[in-house]
Amino acid sequence: MTRSTPAIVILGQGSLATARRLQQLYPDALIHGLAERVEGADRSYHEFGATLRQLYQQNTPIIALCAAGIVIRTLAPLLLEKGAEPPVLAVAEDGSAVVPLLGGLGGVNVMAREMAAGLGVAAAITTSGELRFGTCLLNPPSGYALGDLELGKRFVSDLLGGESVRIEGAAPWLADAKLPEDAHARLSIHVGSAEREPTANELLIYPRSVLIACRRRLAGDSAISLAESIRQALHQANIAVQSLACLLAADTDMADRALHDAAAELGVPLRFAPAANSVVELAQQAVPQLLPPISSGDDLAIAVANQPLDPEQIGRPRGRLAVIGLGPGAAELMVPAVKAELARANDILGYETYVRMAGPFRADQVMHCTDNREEMQRARHAFELAAQGRSVVVVSSGDPGVFAMAAAVLEALHESTDPAWHNVDLEMLPGVSASLATAAQAGAPLGHDFCVLSLSDNLKPWAIIEKRLDLASQADLALAFYNPISRSRPWQLGRALEIVRQHRTPETPVVLGRDIGRPGQTLRVITLGALTPEQVDMRTMVLVGSSTTCTFPKASGGEWVYTPRWYKGS
Ligand code: SAH
């Protein structure tokens, strides 16, 4: 398991130089600077507390260049909750001290040592076991799993109390530790993949050296879940479930729900390889260095290696394609699921403006910027990348399902007969659409039934637009116009307003929102009678009220606009 990329958080300009030095150790890490105080950071934030807590809850390792006390006080409310505990370190802004604070089991001391070495100082390590033995026994390196944390803590305190220890099995990293070894010791560290109950004075460490190849089950195959079948098969083979490194299945079973559920339940990655004649062959072909697999029925084969397996090197993962909505622009209006998706993406595709808006990205993330018009081509490119096992994001502004990429992506998939495209883990993640962001700023102009229209006749005949405008106006729906005007479509808005005016009075409230949620945003409340196409451009959202939409003055200046929930005659 690779450690996730840390975030470097700074409060003042004076810390930037040290932050950059630390960034050389973690080149993918971004420096987050307080917006009002720091210039030249990779990302800016407004609220230190909220930012730090969010990073912590997302399990992101945190390097904060400020007083340890500030970090402690900020994270204190989260510490009693169960859940993520990423490494958290405080670093003096001049780089003279590195203090690991939290995340002992997440490798905080390893990071503290790395950072201290990079800065040429000593790390303030306070963990007794770590100080004495030079390693944290309770945090074995990737590829190994600790049997039981509570037993482990007692074991380490016995060792600290002066006892010696025997090591059984291969534990290469312990060779460097300064453990008080003695072949006749009462305490022992046992490293192995066999299933066993720990004896009284034993610390069990499991090498993640077992792979299970499985196939899609047919309906009625078994009454118990796949995860349960796997547990039983391991038990029968006398192998500890903690030694399981990954599940492996054939490419052709890639979209099978039960396989993904089993991997999630067992907490291991699911990898895919070209289909073979049997599950035994599947395992042998994907990992030739395995010992001969033991088959357990037709649908499971257990294979044990001499060493821990690195799942990343076995076959490939199921590719993922997420079509996401960034919201109107402001970071606070982006939904958390979208933020998380951007963090996991390998490839980001979209119109350049939106890709920039979604960033900044790490050095390992690839941006594919294209022209706004090449929607279908972009959708196909996204599937090609995802079908290789990559995690791909296609960005839209606002919501991806509103005059944006989601429908284009589905159309590309619908047209394709390539099973690799259909096997991609495809998901749409919503965003705050421009009409809703604009409406919220004005009050509630869309508080009753409304109709959303794009005035662009690039992709539909103008006659259809006229017909819909006429009927929607006649039906007394409030109207939201996307793509109201552009240089290549200069007259359409004027014509649209003529149609609306046949059904609405000149006093009808109109809201014009331009660059809502972006720098320089403007919001105007006018009337249908006063509206002219010159007041509108392609970055504007036009909301036209219904017969019940009304306005009243705001205490802070300007006006509230709303459409009541009730209706005349109801
Ligand atoms: N998927 C987007 C809409 C894309 S169509 C969404 O859900 O918001 C592009 C049109 O949306 C623009 O011509 C403009 O009318 C409107 N628009 C998009 N972002 C906007 C913003 N931040 N402020 C005002 N209007 C916006």
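The values are calculated or read from the model by the stated rules, or taken from the named source; none is laboratory data. Predicted model only: the values in this text are computed from it and were never measured. For neighbour counting, all protein chains shown are included, and Cβ atoms are generated from backbone atoms with ideal geometry for every residue, glycine included. Accessible surface is based on the protein model in full, side chains and every heavy atom, while ligands, DNA and RNA are left aside. Shrake-Rupley method; radii C 1.70, N 1.55, O 1.52, S 1.80 Å.
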Please work out if residue 435 is among the hydroxyl-bearing types (Ser, Thr, Tyr), over 29 Å from residue 559 (Cα atoms) and modelled with pLDDT of 95 or more.
-> no
Hey, could you check the range 413-444 for residues that are open to solvent by 70 Å² or more (accessible area, probe 1.4 Å) and among the charged types (D, E, K, R) and say which is nearest to the chain's Cα centre (by Cα)?
-> 427
Conditions: (1) under 18 Å from residue 34 (Cα atoms); (2) part of a helix (DSSP H, G or I). Residue 76 meets all but one. Number of the miss?
-> (1)
Name the residues in the range 469-517 that are open to solvent by 10 Å² or more (accessible area, probe 1.4 Å), under 40 Å from the mean Cα position of the chain (by Cα) and within 16 Å of the ligand (Cβ to nearest atom), would you?
-> 482, 483, 485, 486, 487, 488, 489, 514, 515, 516, 517
Is one or more of the residues making up the range 61-73 out of contact with any His (no Cβ under 6 Å at 6 or more places or on another chain), over 19 Å from residue 116 (Cβ atoms) and either open to solvent by less than 20 Å² (accessible area, probe 1.4 Å) or of a type in the set (Asp, Glu) (or both)?
-> no
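Given the condition closer than 30 Å to residue 527 by Cα, within 16 Å of the ligand (Cβ to nearest atom) and either aromatic (Phe, Trp, Tyr) or part of a helix (DSSP H, G or I) (or both), answer yes or no: does some residue in the range 355-377 qualify?
As a first pass, look at the range 355-377 and keep what is closer than 30 Å to residue 527 by Cα: none.
There is no residue in the range 355-377 that is closer than 30 Å to residue 527 by Cα, within 16 Å of the ligand (Cβ to nearest atom) and either aromatic (Phe, Trp, Tyr) or part of a helix (DSSP H, G or I) (or both).
Would you tally the residues in the range 33-69 being in contact (Cβ under 8 Å) with a residue 40 or more places away in the chain and not in a loop (DSSP other than H, G, I, E, B)?
First, the residues of the range 33-69 that are in contact (Cβ under 8 Å) with a residue 40 or more places away in the chain: 42-43, 51-52, 55, 58-66.
Checking the rest, the ones that are also not in a loop (DSSP other than H, G, I, E, B) come to 43, 51-52, 55, 62-65.
Residues meeting the conditions: 8.
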Considering only the range 427-466, state which residues are of a type in the set (A, V, I, L, M, F, W, C), part of a strand (DSSP E or B) and within 11 Å of the ligand (Cβ to nearest atom).
-> 452, 453
The correct count of residues that are touching a Ser or Thr at 6+ places or on another chain (Cβ under 9 Å), hydrophobic (A, V, I, L, M, F, W, C) and touching a residue at least 60 places away in the same chain (Cβ under 8 Å) in the range 93-137 is 1
Got a number for residues in the range 518-570 being open to solvent by 50 Å² or more (accessible area, probe 1.4 Å) and in contact with a helix residue (DSSP H, G or I) (Cβ under 6 Å, 6 or more places away or on another chain)?
-> 1
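Restricting to the range 481-500, give me the number of residues that are over 22 Å from residue 444 (Cα atoms) and assigned to a helix (DSSP H, G or I).
Restricting attention to the range 481-500, the residues satisfying the condition of being over 22 Å from residue 444 (Cα atoms) are 485-496, 498-499.
Remaining after also requiring assigned to a helix (DSSP H, G or I): 492-496, 498-499.
Here the count works out to 7.
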Check the range 381-402 and report whether any residue there is polar (S, T, N, Q), without any contact (Cβ under 8 Å) to a residue 24 or more places away in the chain and either under 30 Å from residue 488 (Cα atoms) or open to solvent by less than 40 Å² (accessible area, probe 1.4 Å) (or both).
-> no
All but one of (1) within 14 Å of the ligand (Cβ to nearest atom); (2) under 30 Å from residue 381 (Cβ atoms) hold for residue 422, so report the exception by its number.
-> (1)
For the range 126-243, which strands (runs of 3 or more DSSP E) that fit wholly inside it have 1 or more residues that are modelled with pLDDT of 85 or more, closer than 30 Å to residue 114 by Cβ and touching a His at 6+ places or on another chain (Cβ under 9 Å)?
-> 165-168, 202-207
Residue, nearest to the ligand (Cβ to nearest atom), within the range 316-336, restricted to residues that are open to solvent by 40 Å² or more (accessible area, probe 1.4 Å) and not in a strand (DSSP E or B) = 333
Sole exception among (1) open to solvent by less than 50 Å² (accessible area, probe 1.4 Å); (2) polar (S, T, N, Q); (3) over 27 Å from residue 310 (Cβ atoms) for residue 222, by number | (1)
Could you check residue 339 against (1) open to solvent by 60 Å² or more (accessible area, probe 1.4 Å); (2) farther than 23 Å from residue 436 by Cβ; (3) away from the ligand (no atom under 15 Å from the Cβ) and say which number it fails?
-> (2)
